[in-house]
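Once you've had a glance at the structure underneath, I'll fire off some questions.
The values are calculated or read from the model by the stated rules, or taken from the named source; none is laboratory data. This is a predicted model, so every value here is computed, not measured. Don't worry about glycine lacking a Cβ; one is built from the backbone with ideal geometry, like all the others, and counts go over all protein chains shown. Ligands, DNA and RNA are excluded from the accessible area calculation, which covers all protein heavy atoms including side chains. Shrake-Rupley method; radii C 1.70, N 1.55, O 1.52, S 1.80 Å.
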Amino acid sequence: MSPDALMSVRQLSAAYGRQLACREISFELYPGEVICLVGESGSGKSTLLNTLAHRHRPASGEVIYRHARLGPVSLGALDEARLRELWRTDWGFVRQNPRDGLRMRISAGGNIGERLMALGERHYGRLRETAVEWLRLVEIDPQRIDDRPDTFSGGMQQRLQIARNLVTRPRLVFMDEPTSGLDVSVQARFLDLLRRLVAEMGLSVVLVTHDLGVARLLGHRILVMKEGQIVEQGLTDQVLDDPQHPYTQLLVTSVLAA
Amino acid sequence: MSQAGYNFAYLDEHTKRMIRRALLKAVAIPGYQVPFGSREMPLPYGWGTGGIQVTAAIIGRDDVLKVIDQGSDDTTNAVNIRSFFARVAGVATTERTREATLIQTRHRIPETPLAAGQVIVFQVPIPEPLRWLEPRETETRSLHALADYGLMNVKLYEDIVRHGRIATTYDYPVEVNGRYLMRPSPIPKFDNPKMHRNPALQLFGAGREKRVYAVPPWTDVRSLDFEDHPFAIERWDHACGLCGASDSYLDELITDDAGTRLHVCSDTEYCAARRAAGHQGDAP
Ligand SMILES: Nc1ncnc2c1ncn2[C@@H]1O[C@H](COP(=O)(O)OP(=O)(O)O)[C@@H](O)[C@H]1O
Ligand SMILES: [Mg+2]
């Protein structure tokens, strides 16, 4: 692992049964860096994301993570309790469908407070203050603190997911197509907000998208996936402006043509 | 020892041993839900089959049994269970908390403090405290294994959001021995403090869900809360209209067509004993 990398992915493969969905993926992620995973549907992006976070166990290879207390650790060697601790404190996971990432029967404030309560916060007043602060940060009217997310628009739900994840000030956030359910008009505002928070908090992000526009706006680097493999990776502008692999060339031109 | 078609305390010895083993494990790990192979009982689920099986597994010929339902010894359910054990185990029964060695209960803990050596068996409809938000059993099990209990405070948080205070008034969640989260069964939260460091052995049986759990004598039992919304029990402006007690859980009765209200002890035996000792309320 490079001395300043946050995460180092080595020869990582993932499978469903005997079917390989990711093959021998290797890359490093640095603090404050946003990496976008692009590729067509079924290319293995979500599987890779879940395997990086060890929500899906790798078939082979490993992920080394620079743990805040333990230093560099192989995630496969951590027990369930340690992994869960990472999931709910040091990492965030923003899902494509807000129904999977939010508790729909719980108020917005409760959604934001859940991680804090899991960490032992037992002061109602402080939980409220933090929730209000985060609703402001993600541009949701703090008056809505006691409303359930199923009364929110799609854009608000995604912003609430962001707040719920960032409230513990994680270092690493995984996002799986967070904008694909949003109207184009709403997307721009969401992406702006995301970009601002990522920069302000110095977050490292692995973001899955099939939208090269999103990658262009947010990503420092791009990994292009095809059939479970990385066929090209590099700085975003380089890959998008001067694609080397025929598949990337196809992706870029098909977007330009569209 | 057992004649054909008859066995002491209804259950066969094999089943009793199995339940006792589960109970020993439950006592060894306070608050932890231990699965057991629940048997068909001559009562439908919801009538306390879990509690009855626990009682049947531990009752001995010398035991003196008390059965209460909502604090009363006289409800149909209490009378049925009591006469069931009088018949199948031939044990003595009593209504007096102090005289009982074994108390089976639904919805209350007696007001008379329990003593060392006594055993109280709770009938439990739903044993899993995290079930309300997490329907998957595999997931609730790992939440318990990791003591990952933030969800429970989310529920209390939502209570305060909706009602301005923690509105859960019965089956109020507790942390046992600083470790396991436990549902105390639908007793009023008024009874929660009685579980804390109680000298008696407290056993819990859930028939439909096939779980037992336990709070051994003198174990810490803490009701969940927030620093700025601390746990508090119910209080009444009234004393018991019949016996004048101001330290007991009160039921409100409407006594006539004009809607006259009367507050009386829910624990009928406690109330009767106080009256027998000369205490009096201000009911006409
Ligand atoms: N739970 C699953 N069980 C079996 N196969 C799966 C499962 N999830 C995804 N796959 C398969 O793995 C491959 C990669 O899927 P996925 O990672 O979801 O791709 P992407 O996110 O890029 O659309 C696809 O062939 C998909 O059908
Ligand atoms: Mg996907």
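Are there any pairs with C-beta distances below 6 angstrom linking a residue in the stretch A:220-242 that is touching a residue at least 24 places away in the same chain (Cβ under 8 Å) and open to solvent by 10 Å² or more (accessible area, probe 1.4 Å) to a residue that is more than 16 Å from ligand 2 (Cβ to nearest atom) and of a type in the set (Phe, Trp, Tyr), with the two at least 6 apart or on different chains, and if so which?
So the pair list comes out as A:226/A:247.
Quick one: residue A:248 ticks every box in (1) away from ligand 2 (no atom under 16 Å from the Cβ); (2) hydroxyl-bearing (Ser, Thr, Tyr); (3) touching a residue at least 60 places away in the same chain (Cβ under 8 Å) bar one, so which box is it?
(3)
I would also like to ask the following. Only strands (runs of 3 or more DSSP E) wholly contained in the stretch B:164-269 count here; list those with 1 or more residues that are surrounded by fewer than 20 Cβ atoms within 10 Å (Cβ to Cβ) and in contact with a Leu (Cβ under 9 Å, 6 or more places away or on another chain).
Once the strands (runs of 3 or more DSSP E) in the stretch B:164-269 are filtered for at least 1 residues that are surrounded by fewer than 20 Cβ atoms within 10 Å (Cβ to Cβ) and in contact with a Leu (Cβ under 9 Å, 6 or more places away or on another chain), what remains is B:174-176, B:250-254, B:261-265.
Right, here's the next one. Could you please find all residues in the stretch A:27-46 being free of Cβ contacts under 8 Å to residues at least 60 places away in the same chain and under 26 Å from residue A:82 (Cβ atoms)?
Matches in the stretch A:27-46: A:28 only.
Looking at the stretch A:76-114, which of its residues are facing chain B (nearest Cβ under 9 Å) and open to solvent by 70 Å² or more (accessible area, probe 1.4 Å)?
A:80, A:105
State whether the residues of the stretch A:174-195 include one that is within 13 Å of chain B (Cβ to nearest Cβ) and under 25 Å from residue A:50 (Cβ atoms).
No; the residues of the stretch A:174-195 include none that is within 13 Å of chain B (Cβ to nearest Cβ) and under 25 Å from residue A:50 (Cβ atoms).
Give the residue, chosen from A:73, A:9, A:34, A:63, that is among the β-branched types (Val, Ile, Thr), open to solvent by 10 Å² or more (accessible area, probe 1.4 Å) and away from ligand 1 (no atom under 14 Å from the Cβ).
A:73
Against the condition assigned to a strand (DSSP E or B), in contact (Cβ under 8 Å) with a residue 12 or more places away in the chain and in contact with a Gly (Cβ under 9 Å, 6 or more places away or on another chain), how does residue A:132 come out, does it pass?
No, not satisfied.
Mind checking which pairs have a first residue in the stretch B:225-237 that is at the interface with another protein chain (Cβ under 10 Å from one of its Cβ atoms) and among the acidic types (Asp, Glu) and a second that is surrounded by 12 or more Cβ atoms within 10 Å (Cβ to Cβ) and in a loop (DSSP other than H, G, I, E, B), Cβ under 8 Å, 6 or more apart or different chains?
What qualifies is B:225/A:122; B:225/B:166; B:225/B:231; B:227/A:122; B:227/A:123; B:228/A:123.
Which of the residues belonging to the stretch A:150-176 are outside any helix (DSSP H, G or I), surrounded by 20 or more Cβ atoms within 10 Å (Cβ to Cβ) and in contact with a Ser or Thr (Cβ under 8 Å, 6 or more places away or on another chain)?
Correct list: A:167, A:170, A:171, A:172, A:173, A:176.
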